[in-house]
Amino acid sequence: MLDYAPRDDAQHADNGLLTLIETIEALSATRTISEVADVVRKAARRISGADGVAFVLRDNNQCWYFDEDAIGPLWKGKRFPLTACISGWAMLNRQTVVIPDIYLDDRIPHDAYRPTFVKSLVMTPVRMEDPVAAIGAYWAQEHTPSPETVQKLQVIARATASALESGRLHDSLVDARHHGTFLLQELDHRVKNTLAIVQSISRQTLRAASSPEAFAETFENRILALSKAHELLTRRAWGRAQLEEILDKALAPFSANLSDRFDIIGPALTFSAETSVSVHMTLHELAVNAAKHGALSTADGRIVIRWSVEETASPPMLTLTWREVGGPPIVGTPERKGFGSQMITRGLARDLGGKATLDFTPDGVIYTLRAPLSQRMSLAA
């Protein structure tokens, strides 16, 4: 393939991609919301070339301008109603907003902006499903950022969500010292484990990406899947999670009504918190592949998910299958195995001490997992 892009454009893309990776690695060392904000505001300004960046937290019904990095003062430390602020609009509407001229947009409180240098902006919510913050990038001249720049800001916002939640948890535990050092040690374990997963995802996704744009899209989807797994565990107070709950959360983005595309049957199973994340990520990768190449890429395709436990075996053994039907015919086995395929066949099986196979039959993909019951995975009482 010939490369017709100018050398400086390619260098700029490489620098932007490097900034994304460096941001994730920097977030892995953060422990408080202040540290997360410091990493994000600097990275967002570097990657966007903006004249200023604000990190805004949602505080009940208010926008709290928590930190900023700008050529002039913005609103650091101030709070505004969600309904009277563009960061609030982005969080309430769960979407990124690009405004080339703030004085031509009625959503902007013009009186609040006149004392500042701001003429144009991008506001990106953090955690799209249920925003907890927003990242604002501002320019002193009328400016329309490229789609690639907006996409990179959105990737930073996705990566920030997990780190921000960890920071909130750490701050609350530090304030509640009577819970003892055990909780802090448990938090450290969870944060380090989560950020190690994020680092692994970033490096492996980068290794397989064909372009910065491909990396940004794939990485964003994987981080979103990880954050959804954590949302489920947070509601469960990081206790055990039911397999059906994990299935509902992991597969919801692929069908508004799961029964329309998925046929799911099996006994009640529960997983430990860490293993629940592996289960969620495995199901996400299987569904992504099905949506791109398999049964979910056609109108009539379906996924049949079955699992059973052989209780008479010693130890009792789980057999779980994911079978795709009604999709496009499969010719041969793909020669190249990317990070997603490795996660499917190795990650969960390794966690459970079992074995997984991924077969490409003419009728569709079949994933099979065999693993012994244990404290990580057990039948529900």
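General observations
- One residue stands out among those in region 225-253 that are closer than 22 Å to Ala157 by Cα and touching a helix residue (DSSP H, G or I) at 6+ places or on another chain (Cβ under 6 Å): the one that is modelled with the lowest pLDDT, which is Leu233.
Each row is one residue, and each column tells you yes or no for (1) out of contact with any strand residue (DSSP E or B) (no Cβ under 8 Å at 6 or more places or on another chain); (2) exposed (fewer than 12 other Cβ atoms within 10 Å of the Cβ); (3) of a type in the set (Phe, Trp, Tyr); (4) at pLDDT 90 or above.
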position: Ala295; (1), (2), (3), (4): no, no, no, yes
position: Ile303; (1), (2), (3), (4): no, no, no, yes
position: Ser308; (1), (2), (3), (4): no, no, no, yes
position: Met317; (1), (2), (3), (4): no, no, no, yes
position: Trp322; (1), (2), (3), (4): no, no, yes, yes
position: Gly326; (1), (2), (3), (4): no, no, no, yes
position: Val331; (1), (2), (3), (4): yes, yes, no, no
position: Lys337; (1), (2), (3), (4): yes, no, no, no
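- The number of residues in region 140-149 that are without any contact (Cβ under 8 Å) to a residue 40 or more places away in the chain and assigned to a helix (DSSP H, G or I) comes to 1.
- Subset of region 26-40 [of a type in the set (S, T, N, Q) and not in a loop (DSSP other than H, G, I, E, B)]: Ser34
- Scope region 307-321; condition β-branched (Val, Ile, Thr) and closer than 26 Å to Phe262 by Cβ; matching residues: Val309, Thr319, Thr321
- Any hit, region 18-25, residues being modelled with pLDDT of 70 or more and part of a loop (DSSP other than H, G, I, E, B): no
- Subset of region 61-101 [of a type in the set (Ser, Thr, Tyr) and surrounded by fewer than 15 Cβ atoms within 10 Å (Cβ to Cβ)]: Thr83
- In region 281-377, counting only strands (runs of 3 or more DSSP E) that sit wholly within it, the ones holding 1 or more residues that are of a type in the set (Gly, Ala, Ser) span 302-310, 355-361, 364-372.
- The strands (runs of 3 or more DSSP E) located wholly in region 61-139 that include 1 or more residues which are within 17 Å of Ala37 (Cβ to Cβ) and assigned by TED's automatic domain parsing to the domain that holds Arg158 occupy 62-70, 79-81, 120-126, 133-139.
The values are calculated or read from the model by the stated rules, or taken from the named source; none is laboratory data. Quick caveat: nothing in here was measured; it's all calculated off a predicted structure. Virtual Cβ from ideal backbone geometry, glycine too; neighbours counted across all protein chains shown.
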